[in-house]
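Below is one structure, written out as structure tokens; the observations come after it.
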Amino acid sequence: MIRSAVKLFPLACLAAALATSIWASDPPANPEPPPAPSAADIAKLKAKLEEQQKQVELLRAELEKQLKMLEQAQASASAAPSPAAAPATPAPAPAATRKPYVGDLTASTTPIVQPQPAPAASSPFSGSSPASRAPISLDSPSPQAMEPPSPLSLKIGESYITPIGFMDMTAVFRSADAGSGIGTNFGSFPFNNSFPNARLTETRFSLQNSRLGARFDTTVHGAKVTGYWESDFLGNPGSNNLSTTSDSFVFRMRLYWVDVRKGKFELLGGQSWSLLTPGRNGISPLPSDVFYTQNMDVNYNVGLTWGRIPGFRFVYHPSDTVAAAVSFENADQYFGGSGGGASPTLPAGLPSTFVNQLDNAANYTQTPNLMPDIIAKLAFDPHTGPLHQHIEIVGLLRQFRTYNQNNNNHYNATAGGGSVNMNFEIAKGLHPIINTFWSDGGGRYLFGTIPDLAVRPDGSISPIHAYAGLAGFEYTVKNTLLFGYFGEYYGGQDAIIDTNGKFVGYGFPGSANTNNRSIQEPTFGWIQTYWRDPKWGALQTIFQYSWLNRYPWAVLAGQPKDAHNSTIFLDLRYTLPGSAPSWK
């Protein structure tokens, strides 16, 4: 139709011009018949018509050319993404390596909705074509349609703000009253002869694990900048925690960091998951790229090496499948007392103020740390067809320092450890997982169940051996995620003879049964997703069952040789709608 209209356009113009010239001339009062044209006049008229015909042909050719250009522009506009669509979000890894799998569905991960597809390379935040996103299964990307979606993030200036979080209703049942709330203190659940706790069960409802936070994304001078904030209600109890009439639990900071990436280089500062925490995808601070199990237990699983610690991190990405990083994280000369872990026995001859040099879960702000913990990681993320594999090697370096005023001496000790972690996808949605950790003085990273060090009579330092291992699987099938793990923490014996001839240290003969040699936990569960979409959020139910055993170094006559506890978690979770933009 457009082509026909274009062809008729010059003819219509010519007809209009002729009609205008006729109407503009007044008819003579006494019209007379015009004289007959001569042969010369006819020849001139033919020449004029031929000239006009050539001009019409030239005009028609030019219009044909313009029409083709218009059609090409319309075809390009139909294929290009609509600028009115929601912006896509910066993600820390290239689109080729960032794939949605079980790591995006971690029980404690926010947000669990999948990110938008990566934008074109010409713009860090390009729009996507109008789409309506039907509820999506756990193993499929968001389907695209023609209905425009609701906004997924808020744009202020050149920055995007995406709310993250979920409302979480948790029910927990324990076969023995551990007195630890919804998070399990793995190092202190009671022995059978611990009355009355060992003979009482525990049932508890809580919303403390609910999350609230936001993600901030922008670009500055070609650098991709991401800010991340995440909080929950598991802070230390305050004076208004009146469980009789109101569960007014304390709002606390979990994660708070800024990450700047330009080209192959990346810098992070703030409180993030420790670089020692196993990863799922590359080296990334985003919770969905970090492995901390699918458990509902807010202290996760025995065998996991982890921490959320302030520090600085430098990352180099030489390719899409290789990343290397080093982090400098806040140090802590941990002496036990946190996570149910016992403190070693100090020699009798040391001054009473010596304990202030060590963190016994009360002196963490007084601890005179010599230097930050230094952690290095090398990660590989190859692909076998569509299947993703993750392998990482980690090293830890620590330095402890004490001072004995009795002999006016300083004592230093170097500690460290190493880790090898693997997370393979061997079939669609099926991930076997193996994490390992060996150390001298790395107990703080085992949820504090093992102290970092013991102290000799002269005030010098003896790092305590600490080991951990976790193996298991995660399997996603349609809207169901199944998981199972077995983990263990192990604390080495560090028996020291004091100047009075008695044993001190950790795990010595006759030590208290709080000096744990081994803690073990098998667990399994599943996550059922009923619907999940960036426009609506997600609704899930989560189940977890775990069996705990702990074995002390010393067992006195007539005392239990181990402690055990059975725990069940049930959870209803609604995740906030929204999806952060994704960058290449």
- Message: I need LYS262, LYS224, LYS48 ordered by Cβ neighbour count within 10 Å, fewest first.
- Response: LYS48, LYS262, LYS224
- Among SER206, TYR551, ALA512, the residue whose Cα sits farthest towards the positive end of the charge dipole of segment 154-575 (+1 at Cβ of Lys and Arg, -1 at Cβ of Asp and Glu, taken about the Cα centre) is SER206
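Using the Cα centre of segment 154-575 as the reference point, and only Cβ charges (+1 on K/R, -1 on D/E), how large is the resulting charge dipole? Debye, rounded to the nearest 20.
Dipole of segment 154-575, to the nearest 20 debye: 340 debye.
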- Task: Could you please rank PHE524, PHE312, placing first whichever residue has the fewest other Cβ atoms within 10 Å of its Cβ?
- Result: PHE312, PHE524
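With +1 assigned to the C-beta of every Lys and Arg and -1 to the C-beta of every Asp and Glu, and no other charges, what is the dipole magnitude of segment 166-266 about the Cα centre in debye, to the nearest 20?
Approximately 320 debye in magnitude.
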- Query: For the charge dipole of segment 154-575, defined by +1 on Lys and Arg C-beta atoms and -1 on Asp and Glu C-beta atoms about the Cα centroid, which residue among PHE251, LEU275, ALA324 has the Cα displaced farthest towards the positive pole?
  - Reply: PHE251
- Query: Tell me, how many Å apart are the Cα centres for segment 159-190 and for segment 245-297?
  - Reply: 17 Å
- Which ³J(HN,Hα) values in Hz, rounded to whole numbers, follow from the phi angles of segment 395-409 under the Karplus curve 6.51 cos²θ - 1.76 cosθ + 1.60, where θ = phi - 60° and Gly and Pro get x? x, 10, 10, 10, 9, 10, 8, 9, 9, 10, 5, 5, 10, 6, 10
- Message: From the Cα trace of segment 154-575, what convex hull volume per residue do you get, rounded to a whole Å³?
- Response: 159 Å³
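Taking 0.36 nm per intervening residue step and subtracting the Cα-Cα distance, what contour gain separates VAL56 from PHE503 on full extension?
Values: separation 447, 0.36 × 447 = 160.92 nm, distance 11.14 nm.
Stretched fully, the VAL56-PHE503 segment lengthens by 149.8 nm.
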- Message: Assuming 0.36 nm per residue, please report the length gained on full extension of the stretch ALA376 to LEU154 beyond their Cα-Cα distance.
- Response: 76.3 nm
- Message: Treating only the Cβ of Lys, Arg, Asp and Glu as charged (+1, +1, -1, -1), what charge dipole size does segment 310-433 show about its Cα centre? Round to the nearest 20 debye.
- Response: 200 debye
- Message: Between VAL326 and GLN72, what's the calculated FRET efficiency when r is the beta-carbon distance and R0 is 45 Å? Round to 0.05.
- Response: 0.30
- Query: Are any of the pairs LYS155/LYS535; LYS224/LYS377; LYS264/LYS377; LYS428/LYS478; LYS224/LYS264 more than 20 Å apart by Cα-Cα distance, and if so, which?
  - Reply: LYS224/LYS377
- Between ILE426 and ASN356, what length comes free when the chain is fully extended (0.36 nm per residue of separation minus the Cα-Cα distance, one decimal in nm)? 20.2 nm
- Low-density loop cleavage sites - trypsin sites (Lys or Arg not before Pro) in segment 393-499, where at most 14 other Cβ are within 10 Å (DSSP): LYS428, LYS478
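For a footprinting-style exposure proxy, rank ILE542, ILE375, ILE450 by other Cβ within 10 Å, fewest first. Please report the intermediate quantities before stating the final value.
Working: ILE542 22, ILE375 27, ILE450 33.
Listing ILE542, ILE375, ILE450 from fewest to most nearby Cβ atoms yields ILE542, ILE375, ILE450.
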- Task: Would you please calculate the Kirkwood hydrodynamic radius of segment 475-566 over all C-alpha pairs and express it in Å, rounded to one decimal?
- Result: 16.6 Å
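Laboratory data are not the source of any read-out in this text; all were calculated from the coordinates shown. Fair warning: this is a prediction, and the values are worked out from it, not measured in the lab. Please note: Cβ atoms are built from the backbone with ideal geometry, for glycine as well, and neighbour counts cover all protein chains shown.
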